[in-house]
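What follows is a single structure, written as structure tokens, with notes after it.
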Amino acid sequence: MIAVISECWANFGFGKAVTQNLNIEVKHMHAEGVTKIGKKLKAFQRRVSDKFILIIDSERNNPAGRWVEGFLKNIESKYGIPSSQTFKAISIKKYKNREKIMIILFEPFIEDAFIRKYDKEIDQKMDKYKHREGKDLIMSLVKDKNPDDIKEIAKNIFQFFS
């Protein structure tokens, strides 16, 4: 099983969308706020899984961005040098040790890295994407627009965890 841990509702919807058609058992977890990602990861490592996808925003130009930067450095030192790919403002970092960890990182936020390209009215809906409703908005956006980004990342996930 793969644990998909996302730090906001929009990222949660993205995680559901990107893994929904994969033939892999997935457990989705929401960690409200970027600092809870590390706690969820540790708790889940102890209990169940050794495969993880973390979906986070880099939060550059934001105080939480320093936490994200430190978290990524900590993961890199613990799990070795990552292999990385970049899809414009979405980067994917892969770490292999005993565990396999993939981090999908939006630069600087999912709204700018992904949503804005497919939803031109994002500025009027910004608050909706930040709350529980954001999960459903992303899912319907992916269903309606069928973005190539999702297909490419899903393929990448399947290859890494298979």
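The values are calculated or read from the model by the stated rules, or taken from the named source; none is laboratory data. On a predicted model such as this, the values are computed, not experimentally measured, just so you know. Virtual Cβ from ideal backbone geometry, glycine too; neighbours counted across all protein chains shown.
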Output for Cβ contacts, cut-off 9 Å, separation at least six or different chains, first residue under 16 Å from S6 (Cβ atoms) in region 79-103, second of a type in the set (K, R) and modelled with pLDDT of 80 or more, reads I101/K51; I101/K93; I101/K94; M102/K51; M102/K93; M102/K94; I103/K93; I103/K94
Picked from region 2-28 (must be in contact with a helix residue (DSSP H, G or I) (Cβ under 7 Å, 6 or more places away or on another chain), surrounded by fewer than 20 Cβ atoms within 10 Å (Cβ to Cβ) and free of Cβ contacts under 8 Å to residues at least 60 places away in the same chain), the residue nearest to I55 (Cα to Cα) is H28
Flagged in region 115-146 as over 16 Å from the mean Cα position of the chain (by Cα) and of a type in the set (F, W, Y), in numbering order, are Y118
When (1) over 18 Å from E99 (Cα atoms); (2) assigned to a helix (DSSP H, G or I); (3) in contact (Cβ under 8 Å) with a residue 24 or more places away in the chain are applied to V34, the one that fails is (2)
Exercise. With respect to M29, is the statement that it is in a strand (DSSP E or B) and farther than 24 Å from E133 by Cα true?
Worked result: no
Note on I138: of the conditions (1) without any contact (Cβ under 8 Å) to a residue 12 or more places away in the chain; (2) touching a Gly at 6+ places or on another chain (Cβ under 7 Å), unmet is (1)
With criteria (1) within 18 Å of A113 (Cβ to Cβ); (2) loosely packed, with under 14 Cβ neighbours inside 10 Å, N97 comes up short on (1)
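Determine, yes or no, whether F114 is of a type outside the set (S, T, N, Q) and closer than 24 Å to G38 by Cβ. Working first, answer last.
Details: of a type outside the set (S, T, N, Q): yes; closer than 24 Å to G38 by Cβ: yes.
Yes: the conditions hold for F114.
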